[in-house]
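Please treat every number below as a calculation from the coordinates, not as lab data. As the structure is a prediction and not an experimental result, all values here were calculated from the model. When we count neighbours, we look across all protein chains shown, and the Cβ atoms used for this are built from the backbone with ideal geometry, even at glycine.
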């Protein structure tokens, strides 16, 4: 395996990325990098008025993800990132634009900023895509009881799932490991977890 593997974890809201990141990092001795969620000053406002706050939220995520990506490049060991910077533009910002929550001016400005920033970054050695149905996502979101997530529209989650599937199916410059999580309990299905860990190590070797 590479001395400094870089794995990006991709997946929709509520799919279990943070838990997966924690467990993989612990099992493989890697450093985890987490998404800025609970301390995000825009999320509550965004779910209350997506048109008003979509651009602000996406720029916040972009700058946080860029900083994490830069910090990972300086690491002396393996790293795993909870959500990649590529999802910011290909899934969330693009979807907000297509749904009419981000206007063309902001979308163009955001894409140009994203292109400049990512031109300085090293791409992940592997993207692990955690996939789940909309019903599974809603169930998991409900179980973690985050106040700002109570108003998430199921249709919004569904459109994100469609965007994820489209993005992953067209991703050719970064290897992908797809994991179906609808029937997978990471705390109980030890054999499946070991298989996944072996697959990850094999793909980054």
*Find, to one decimal place in angstroms, the Kirkwood hydrodynamic radius of segment 6-203, where the mean of 1/r is taken over every pair of different Cα atoms and then inverted.*
17.3 Å
*Any idea what angle helix 50-73 forms with the longest principal axis of the chain, computed on alpha-carbon atoms, 0 to 90 degrees, nearest 10?*
30 degrees
*Nearest-0.05 FRET efficiency for residue 74 and residue 111, computed from C-beta distance (R0 25 Å)*: 0.40
_Take residue 104 and residue 3, extend 7 Å from each Cα along the Cα→Cβ direction, and tell me the distance between the two endpoints in nm._
5.1 nm
*Would you mind ranking 39, 82, 125 so that the residue whose beta carbon has the fewest other beta carbons within 10 Å leads the list?*
39, 125, 82
*Short version: what are the Cα gyration tensor semi-axes of segment 75-128, square root of 5 times each eigenvalue, largest first, in whole Å?*
26, 13, 7
*asked:* So for the chain, averaging the separation of alpha carbon pairs under 8 Å that are six or more residues apart and normalising by length, what relative contact order in percent results?
replied: 33 percent
*Give me the compactness ratio for segment 1-68, meaning the Cα radius of gyration over 2.2 N^0.38 Å.*
1.32
